[in-house]
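The values are calculated or read from the model by the stated rules, or taken from the named source; none is laboratory data. Everything numeric here is computed off the predicted structure, so don't read it as measured data. Please note: Cβ atoms are built from the backbone with ideal geometry, for glycine as well, and neighbour counts cover all protein chains shown. Remember, those area values only see protein heavy atoms, side chains included, never the ligands or the DNA or RNA. Shrake-Rupley method; radii C 1.70, N 1.55, O 1.52, S 1.80 Å.
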Amino acid sequence: MSTAHGHASTHVPRSTWWALAVLIAGMFMSLLDATIVNVALPSIETQLNASSAVLSWIVSGYALALGLTLIPAGRLGDRYGHKWVYFTGIALFTLASLACGVASSGTSLVVFRVLQGFAGGIFVPGVVATIQILFPPQARGKAFGILGAAIGLSSALGPVIGGLIFQFFGEENGWRLVFLVNIPVGIITLVAAWKLLPADRAQRADTKKFGIDPVGILLVSAGFVALLVPLIQGESQGWPAWTFATLALGVALLVAFGFWETAYTNRGLEPLVPPSLFRYKAFSGGVTLSLVYFAAFTSIFFTITILWQSGLGHSPLQSGLVALPFAFGTIITSSQSSKIVPRLGRNILVIGATLVAIGLFWTWLVLRNTAPLELTNWMLLAPLFIAGIGNGLFIAPNLSFIVATVESSYAGTASAVISALQRVGSAVGIAVIGSVLFGTLEINGNSRLAVATGFTNAAAAAMLVSALFCVAALMLVFLLPRRAERAGARRG
């Protein structure tokens, strides 16, 4: 009887797999939009007369808004059911994509990109939560494996799909279609979500203590925005006094957020981020690791895209193809990382971060020592492939190692905090790297060689900073436990 029961528990209805496809469609769309836009940046700069700061905001504004929305959206799903929160997020994302596609200025495009990120942050938490609800433990690993493959594939296809759009529809319409391609996908996903996703009920019985913590949301959002604004705007404006004052304000707001969360907890309410999480030194170091690492690797192709198209005059498709070695390396090792972790433990993160750092330093050396007009994507194939291999080894196990540093009752909240800080790290990375890239850009003359030389030197400086971010992340890895399961056992 027990055997029969166990067999039944592993059976997953076909409707559940269709529901997984709906969830993956949303995740695919949000991640595709994070990478596909890179190849459109030079065209946006030309067509909308956008400044370097606007280009940085188009990428970092999306990442920041998505990151800051993840935790409150996940809590809304816990209270009201993930299906309708997911449905609402997809609907808003589709509308925001339409608004991006018809934007008439750089400023309006930034606003709509922030709305896109906000909408993405609404529906992304429901993906993992709904998989947890739909699939029994025996089948959950397979479901998350499919999700992981889709995440890797979306990162790989983003720049290539963007390049193909430009190839067929040209510079003038290409950047708009990069956003408008979400419209049919979003509509299909909405209809499928309506029909196929089960209406899960609220999982929180104690609604008196449960809240969204609006003051906490306001403080942390304002704090990160105050840090990003001077990092993005400061370089183009010569770093006036207000940039340093705003940076100080950002730090003060984040400190105030910490005090507020403690006071909110002492009142018997659930804070946005439980302060007790940070009693674990390894967790504090781990979330810092996530922020620094995502600042390192997500800024790589911002730099390469600007160099390849604006500096070297290549097409968006050629620019997208440069990213493929990194993406393929990531897909190869991320699919195998779960098998390697039991043997290597924390060392898999050390190896991963080391390979990424080697790849980025190698890329920097290529940019630094190659004549600009002789630079080809073949020269970057090996270093970017090595960096991609390291990225695949790092990304997949990273979350489990950091979550393993806290009590099991905090695992869900810890995962949300880490995911949010990964997106914030992406935003910070683009802000810093964009400031370095455009701040060091000097073009002496109007010749093709002068333009290529100026952009190549600036890209080399930006790539060096990305590599140094990665070295900092490597140092932070040693704050994590040697083996995730040992940390879990220690909690028990």
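When you go through 104, 60 one by one, which is the residue that is outside any helix (DSSP H, G or I) and among the small types (Gly, Ala, Ser)? Walk me through it before giving the result.
On the way: 60 fails: outside any helix (DSSP H, G or I).
None of the others qualify; the one that does is 104.
Are any residues in segment 279-305 of a type in the set (A, V, I, L, M) and more than 18 Å from the chain's Cα centre (by Cα), and if so, which ones? Steps first, answer last, please.
Filtering segment 279-305 down to residues of a type in the set (A, V, I, L, M) leaves 282, 287, 289, 291-292, 295-296, 300, 304.
Matches in segment 279-305: 282 only.
Identify, by number, the condition in (1) within 21 Å of residue 154 (Cα to Cα); (2) within 19 Å of the chain's Cα centre (by Cα) that residue 381 doesn't meet.
Only one criterion is unmet by residue 381, namely (2).
Looking at 287, 292, can you tell me which residue is in contact with a Gly (Cβ under 9 Å, 6 or more places away or on another chain) and either assigned to a helix (DSSP H, G or I) or basic (Lys, Arg) (or both)? Even if it seems obvious, please write down each step before you answer.
On the way: 287 fails: in contact with a Gly (Cβ under 9 Å, 6 or more places away or on another chain).
Matching residue, one of 287, 292: 292.
Here is a check on your reading of the model: is residue 96 free of Cβ contacts under 8 Å to residues at least 40 places away in the same chain, within 25 Å of residue 220 (Cβ to Cβ), small (Gly, Ala, Ser) and assigned to a helix (DSSP H, G or I)? Quick ask: steps written out before the conclusion?
Details: free of Cβ contacts under 8 Å to residues at least 40 places away in the same chain: yes; within 25 Å of residue 220 (Cβ to Cβ): yes; small (Gly, Ala, Ser): yes; assigned to a helix (DSSP H, G or I): yes.
So residue 96 passes the test.
For segment 80-93, which positions are in a helix (DSSP H, G or I) and of a type outside the set (S, T, N, Q)?
First pass over segment 80-93, keeping only residues in a helix (DSSP H, G or I): 80, 82-93.
Across segment 80-93, the qualifying residues are 80, 82, 83, 84, 85, 86, 87, 89, 90, 91, 92, 93.
From the set of residues in segment 349-362 that are buried (at least 24 other Cβ atoms within 10 Å of the Cβ) and either among the hydroxyl-bearing types (Ser, Thr, Tyr) or touching a Pro at 6+ places or on another chain (Cβ under 9 Å) (or both), which is farthest from residue 171 (Cα to Cα)?
Out of the qualifying residues, it is 349.
So, residue 72, is that one more than 30 Å from residue 199 (Cβ to Cβ) and either assigned to a loop (DSSP other than H, G, I, E, B) or not polar (S, T, N, Q) (or both) or not? Walk me through how you get there before you give the answer.
Working: more than 30 Å from residue 199 (Cβ to Cβ): no; either assigned to a loop (DSSP other than H, G, I, E, B) or not polar (S, T, N, Q) (or both): yes.
In short, no.
Out of curiosity, is residue 435 in contact with a Ser or Thr (Cβ under 7 Å, 6 or more places away or on another chain) and among the polar types (S, T, N, Q)? Let's see the steps before the verdict.
Working: in contact with a Ser or Thr (Cβ under 7 Å, 6 or more places away or on another chain): no; among the polar types (S, T, N, Q): yes.
Here the answer is no, as residue 435 does not meet what is asked.
Determine the pairs where a residue that is closer than 10 Å to residue 40 by Cβ and touching a residue at least 40 places away in the same chain (Cβ under 8 Å), located within segment 163-191, has a partner that is among the charged types (D, E, K, R) and assigned to a helix (DSSP H, G or I) with Cβ atoms under 9 Å apart, the partner being 6 or more residues away or on another chain.
178/33; 179/33; 179/113
Six or more apart or on different chains, Cβ atoms under 8 Å: show the pairs whose first residue is in segment 108-127 and within 15 Å of residue 58 (Cα to Cα) and whose second is among the small types (Gly, Ala, Ser) and outside any helix (DSSP H, G or I).
109/50; 109/103; 112/103
For segment 301-360, which residues satisfy the criterion of being outside any helix (DSSP H, G or I), touching a helix residue (DSSP H, G or I) at 6+ places or on another chain (Cβ under 6 Å) and farther than 21 Å from residue 390 by Cβ?
Restricting attention to segment 301-360, the residues satisfying the condition of being outside any helix (DSSP H, G or I) are 312-315, 323, 335-336, 345-346.
Checking the rest, the ones that are also touching a helix residue (DSSP H, G or I) at 6+ places or on another chain (Cβ under 6 Å) come to 312, 314, 323.
Of everything in segment 301-360, those that are outside any helix (DSSP H, G or I), touching a helix residue (DSSP H, G or I) at 6+ places or on another chain (Cβ under 6 Å) and farther than 21 Å from residue 390 by Cβ turn out to be 312, 314.
Regarding residue 328, is this residue within 26 Å of residue 63 (Cα to Cα), at pLDDT below 90, out of contact with any Asp or Glu (no Cβ under 8 Å at 6 or more places or on another chain) and open to solvent by 40 Å² or more (accessible area, probe 1.4 Å)? Walk me through it before giving the result.
Details: within 26 Å of residue 63 (Cα to Cα): yes; at pLDDT below 90: yes; out of contact with any Asp or Glu (no Cβ under 8 Å at 6 or more places or on another chain): yes; open to solvent by 40 Å² or more (accessible area, probe 1.4 Å): yes.
Against the criterion (within 26 Å of residue 63 (Cα to Cα), at pLDDT below 90, out of contact with any Asp or Glu (no Cβ under 8 Å at 6 or more places or on another chain) and open to solvent by 40 Å² or more (accessible area, probe 1.4 Å)), residue 328 qualifies.
Listed here are the residues, each with its yes/no results for (1) open to solvent by 40 Å² or more (accessible area, probe 1.4 Å); (2) in contact with a helix residue (DSSP H, G or I) (Cβ under 7 Å, 6 or more places away or on another chain); (3) modelled with pLDDT of 85 or more.
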{"residue": "234", "(1), (2), (3)": "no, yes, no"}
{"residue": "245", "(1), (2), (3)": "yes, no, yes"}
{"residue": "249", "(1), (2), (3)": "yes, yes, yes"}
{"residue": "264", "(1), (2), (3)": "no, yes, yes"}
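Got a number for residues in segment 72-121 being open to solvent by 20 Å² or more (accessible area, probe 1.4 Å), at pLDDT below 90 and among the hydrophobic types (A, V, I, L, M, F, W, C)?
Residues that pass the stated criteria total 3.
For residue 27, all conditions in the list (1) in a helix (DSSP H, G or I); (2) open to solvent by 10 Å² or more (accessible area, probe 1.4 Å); (3) touching a Ser or Thr at 6+ places or on another chain (Cβ under 9 Å); (4) under 30 Å from residue 230 (Cβ atoms) hold save one; what is the number of the exception?
(4) is the only condition that residue 27 fails.
Collect the residues in segment 378-408 that are surrounded by fewer than 18 Cβ atoms within 10 Å (Cβ to Cβ), part of a helix (DSSP H, G or I) and in contact with a helix residue (DSSP H, G or I) (Cβ under 9 Å, 6 or more places away or on another chain), keeping them in residue-number order. Reasoning before the result, please.
The initial filter retains those residues of segment 378-408 that are surrounded by fewer than 18 Cβ atoms within 10 Å (Cβ to Cβ), namely 378-379, 381-382, 399-400, 407-408.
Subsequent filtering for residues that are part of a helix (DSSP H, G or I) retains 378-379, 381-382, 399-400, 408.
Those that are surrounded by fewer than 18 Cβ atoms within 10 Å (Cβ to Cβ), part of a helix (DSSP H, G or I) and in contact with a helix residue (DSSP H, G or I) (Cβ under 9 Å, 6 or more places away or on another chain): 379, 381, 382, 399, 400, 408.
Enumerate the pairs (first residue in segment 214-235 and within 15 Å of residue 55 (Cα to Cα); second residue anywhere and open to solvent by 40 Å² or more (accessible area, probe 1.4 Å) and among the aliphatic types (A, V, I, L, M)) with beta-carbon separation below 6 Å, excluding pairs fewer than 6 apart on the same chain, so at least 6 apart or on different chains.
If the second residue must be open to solvent by 40 Å² or more (accessible area, probe 1.4 Å) and among the aliphatic types (A, V, I, L, M), the pairs left are 230/247.
Just one of (1) touching a residue at least 24 places away in the same chain (Cβ under 8 Å); (2) open to solvent by 10 Å² or more (accessible area, probe 1.4 Å) trips up residue 275, so point out which.
All conditions are met except number (1).
Looking only at residues that are over 22 Å from residue 60 (Cα atoms), surrounded by fewer than 19 Cβ atoms within 10 Å (Cβ to Cβ) and not aliphatic (A, V, I, L, M) in segment 434-453, which one is nearest to the chain's Cα centre (by Cα)?
My answer is 442.
Quick one: would you say residue 296 is surrounded by 24 or more Cβ atoms within 10 Å (Cβ to Cβ), touching a Cys at 6+ places or on another chain (Cβ under 7 Å) and in contact (Cβ under 8 Å) with a residue 12 or more places away in the chain? Reasoning before the result, please.
On the way: surrounded by 24 or more Cβ atoms within 10 Å (Cβ to Cβ): yes; touching a Cys at 6+ places or on another chain (Cβ under 7 Å): yes; in contact (Cβ under 8 Å) with a residue 12 or more places away in the chain: yes.
So residue 296 passes the test.
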